[in-house]
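Okay, so here's the structure we're looking at.
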Amino acid sequence: MLTYKRCNSLFIQRGKEVDAKLKVDEVYTKIINRAMRDAESKVNSHHVFEFDRCSTHFLVQETINLRKRRHTKNFTIRLHDKWCDYKKFQKLHMPCSHVVVACKHVHHNYKSYIDQVYTLKYVSNVYNELFGKLSN
Ligand SMILES: [Zn+2]
């Protein structure tokens, strides 16, 4: 019972924190904001080649690898399929740096490819009414 009450209190507190952020027009979670800043910081190290008239297929060349964890590569992007060779886009449901640079190249808003689970509205719904009242 004590664990239930503590957990309930934590969810109420977290829900209030999320709602406070929504009231000041924040849209995304801290995690996605950090990930998008990281992706945007790499944009200048990528070259984009467009492959179709609909602006959905791209080849993105990395010119330098800022973290030096692997060699520079080329990546194919298919925006309509939410697909990138690097696979981070498919796995995490958030745009990788290759998708961000491809979207910027054709003036698309890359944030439209961020999954709703990263929105504060979605998180608020998770905290909302998760715990029911216990009967005696
Ligand atoms: Zn990618």
Mark the label point 7 Å from the Cα of Thr76 along Cα→Cβ and return the residues of the range 39-67 whose backbone N is within less than 13 Å of it.
51-52, 57-60
Which log10 I(q)/I(0) values, to two decimals, does the chain give at q = 0.09, 0.18 Å⁻¹ under the Debye formula with one point per Cα?
-0.39, -0.96
Select from Trp83, Asn65, Cys54 the residue farthest towards the positive end of the dipole of the range 29-116; place +1 on Cβ of Lys and Arg, -1 on Cβ of Asp and Glu, and compute about the Cα centre.
Asn65
Filter the GluC sites (Glu not before Pro) in the range 4-58 down to the DSSP loop ones having no more than 16 other Cβ atoms within 10 Å, then list what survives.
Glu26
Tilt of helix 2-23 relative to the longest C-alpha principal axis of the chain, in degrees (0 to 90, nearest 10)?
50 degrees
Stretched fully, the stretch from Val117 through Arg6 gains (0.36 nm per residue minus C-alpha distance, one decimal, in nm) 37.5 nm
I'd like the FRET efficiency for Trp83 and Asn125, computed as 1/(1 + (r/R0)^6) with the beta carbon distance as r and R0 of 30 Å, rounded to 0.05.
0.60
Largest-first semi-axes in Å of the equivalent ellipsoid built from the Cα gyration tensor of the range 48-99 are 19, 14, 7
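Rule-based calculations on the coordinates, nothing more; no lab input. Given the structure is predicted, the values throughout are model-derived calculations rather than measurements. Reconstructed Cβ throughout: ideal geometry from the backbone, glycine too, with neighbour counts over all protein chains shown.
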